[in-house]
Amino acid sequence: MPAPASFDAIILGAGGAGLMCAATAAQRGRKVLVLDHAPEPGRKILISGGGRCNFTNIGAAPDRYLSANPHFARSALARYTPHDFLELVAKHRIAWHEKTLGQLFCDGSARQIVAMLLGECAGATIRCDAPIRDIDHDGTRFRVTAGEGVAEAPALVIATGGPSIPKLGATGFAYELAKRFGLKLVEPRPALVPLTLGADETLFRSLSGVATPVEARAGGAAFREAALFTHKGMSGPAILQVSSYWRHGQAVAIDFLTQARPGWLRDAKRQRPRAKLPAILGEQLPARLADALAERIGLAAELGNAPDKALEAAERRLADWAFTPNGTEGFAKAEVTVGGISTAELSQQTMEARKVPGLFAIGEAVDVTGWLGGYNFQWAWASGVAAGQAL
Ligand code: FDA
C-alpha cells in the first residue's frame, strides 16, 4: 500500500470558507489539500444571489450575527472586513454593485467569485468527487481516507458547512465529526427560511403571490423589508430574517403600515367620512391584502359611522398583527443553519478547537449565522482567513 500523501493541513469542504482558508494558508507557503464530495467547488456560491452572489455586506458587524456567544465573531470579522474582500474582487477585475441595504453583488456572475477563489488557491491541491471515508487521529496527525486516496497532516479544518439544502450536497457531517472529537454543538435549526401556516390562518393562505413592505417582529428582532405571501405561508426578506430568531410556538407580529402616524384612521374618518376601510387600506396596500385585512378586522361601515375606539383598535391591529406559524419549510429550503459547532469549543482568533490541537472549524459549520444580505459569505471569508493564518 502506498504511503499516505503528507500535507501541512487538510481542509474538508471546498465552499467559501474552505477555499478562503486554503488560499490564505497556501499563500503562506503551507502545503494544503482540500477535499469535497461534490463534483465541483463552491456550489452554494454559484447559486447564491440569484446567480450573482451577494458576496458581502458593507454593514457587516458582529451585531448582524446570531450565536450563543455574540462576541465570538468579533475578532475574525475585524481582521478580515468587507473592504478586504473588495480589494480581492478589484484585483480580479470583477465588477460589482450595491443592490440595497449594503448588499454587494457581482454585475456578471457568481462564477467569477468561484474562479477568483480558485485562482487564489493556485498553490493548494483541490480534490472534488472525493467522499470522505475515514478519519483517524493519533493525537498529533490526522489521517483522512477520501475517494481512493489517503492523506495525512498535523492540522484538519472542518469546513463542510451546515445541512441547509441537501440537494446541493449539504450534510450534517461537520456535526458528526465535531461530536467524534468531543466538541459540543448548539442545536442546529433551519434559518433564513419561509414560515408555514396552518389551516386556521386562512386569511394569509388565501393571499399567495401578494408582496408588501412590512416590519416583521419575532424573538426580540425586527426587520423592515418586503414580506411575500406564499401558498404554504409567508416568505420574502422580512420573514426570512425573523425566521432565524423565531422558535416553534412563538408568535410573529407584522406591522403592515410602517409609515402610518398614530391616529391616522381617526383623521381619515374626519376627512372622508363616507370612505370604507378596504378603500382606505387599498391606497397603501395591495388590493387583495387590503380587502382581506379589512374583512378580518370586521369594520364594514363607512368610517364616519365607526366609533373612534373601533378605529383605534383597527390601527393597533394593523400595526401589530400577530399570528403563530406552525413551522418552517425546513432544511430543504433554508438558506443557512442557525447553531452548529459551539463557539465555546473554539479560539476566536484562530478557530482552533481548544481541546483538540490541530483541529479547526470555520464557516457555516460553526454556531455563527448572519442576517440575509451577504453577511454569511463575509463570515465564511473572515473565519477562513482566521484559520488560514494559523495553519
Ligand atoms: P458551504 O456549504 O458553502 O460549503 C461546504 C462544502 O462542504 C460544500 O462544498 C459541500 O459539498 C462540502 N461537504 C459537505 N458535506 C461533506 C462531506 N460529508 N464530505 C465532503 N464534503 C462535504 N450567503 C450570502 O452571504 N450571500 C448570498 O447571496 C447567499 N445566497 C444563498 C443562496 C442559497 C440558495 C443558499 C442555500 C445559501 C446562500 N447563502 C448566501 C449562504 C451561504 O451560501 C453559506 O453561508 C456559505 O456558503 C457557507 O460557506 P461554507 O464554506 O461554510 O459552507
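Read-outs throughout are calculated quantities, based only on the coordinates presented, and are distinct from any laboratory measurement. Please read all numbers here as calculations on a predicted model, not as lab measurements. Cβ sites come from the backbone with ideal geometry, for glycine too, and all protein chains shown count toward neighbours.
A few comments on the model shown:
- Each of the peptides 186-192, 3-9, 197-203, 34-40 was scored by the mean count of other Cβ atoms within 10 Å over its residues; in descending order, highest first, they stand as 186-192, 34-40, 3-9, 197-203.
- Rel. contact order, % - alpha carbon contacts under 8 angstrom, at least six apart, the range 296-373: 23
- Here the simple spin-label model places points 7 Å from the Cα toward Cβ, and for Ala301 and Arg143 these points are separated by 8.5 nm.
- Rounded tilt (10° steps) of 16-27 against the dominant C-alpha axis of the chain: 40
- Note on the range 94-108 and the range 302-354: Cα centroid distance 27 Å, given to the nearest whole angstrom.
- Relative exposure of Thr81, Thr230, judged by other C-beta atoms within 10 Å (fewest first): Thr81, Thr230
- Cα shape, the chain, gyration tensor, a/c 1.5 rule: prolate
- Cross-link pairs beyond the 21 Å C-alpha cut-off, checked among Lys31/Lys91; Lys232/Lys333; Lys44/Lys333; Lys44/Lys355; Lys179/Lys355: Lys31/Lys91; Lys44/Lys355
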